[in-house]
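In what follows, a single structure is set out as structure tokens and then discussed.
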Amino acid sequence: MKFENYVNERMNKKQLKFIANKVEQTAWADDIVDLIRKPPVTWFEIEDINAKEIHLSTRQHGNVQDETPGRSDIKEARRLLQLLKKNFGSIAKIEADTVDEWVSVYITRK
């Protein structure tokens with residue numbers, strides 16, 4: 001028996017719908033991660049990914065002692081905002097923020 005037939009026979013529609021929903025919830029995040037890993041590669045790190053949000057952040061060029069963000073980090077956040085809005089603006093809300101030396105980009109699924 002093929003695996004697909006086994007799955008179809010053993011799982012009810014509710015279970016299949018649940019699995020399909022989970023795959024759909026993470027597929028949008030995969031597309032975004034693929035985009036930001038293409039050259040030019042960003043130095044922002046992925047802090048969190050879940051079904052509704054992706055959080056990227058860095059303090060690579062920030063001044064930890066003075067708790068101020070680096071200009072290069074802010075410039076990179078702007079580049080990411082443009083890139084992400086162009087490609088995913090219709091399905092996600094995309095924002096940037098600074099806290100002390102940290103610069104973050106938030107991508108929230110609409």
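The values are calculated or read from the model by the stated rules, or taken from the named source; none is laboratory data. This one's a predicted model, so the numbers in the text were calculated from it and none came from an experiment. Using ideal geometry, Cβ is built from the backbone for each residue, glycine included, and neighbour counts are taken over all protein chains shown.
Does region 14-48 hold any residues that are at pLDDT 90 or above and polar (S, T, N, Q), and which are they?
Answer for region 14-48, where residues must be at pLDDT 90 or above and polar (S, T, N, Q): just 42.
Restricting attention to region 75-99, which residues are touching a helix residue (DSSP H, G or I) at 6+ places or on another chain (Cβ under 9 Å) and under 14 Å from residue 41 (Cα atoms)?
80, 83, 84
Of all residues in region 91-110, which are of a type outside the set (D, E, K, R) and in contact with an Asp or Glu (Cβ under 7 Å, 6 or more places away or on another chain)?
103, 104, 106, 107, 108
Pick from 75, 93, 85, 52: which is among the charged types (D, E, K, R) and exposed (fewer than 13 other Cβ atoms within 10 Å of the Cβ)?
Being among the charged types (D, E, K, R) and exposed (fewer than 13 other Cβ atoms within 10 Å of the Cβ) holds for just one of 75, 93, 85, 52, which is 75.
Within region 55-69, can you find the residues that are surrounded by 16 or more Cβ atoms within 10 Å (Cβ to Cβ) and under 17 Å from residue 40 (Cβ atoms)?
The answer is 56, 58, 61.
Consider residue 57 carefully, then state whether it is in contact with a strand residue (DSSP E or B) (Cβ under 7 Å, 6 or more places away or on another chain) and not acidic (Asp, Glu).
yes
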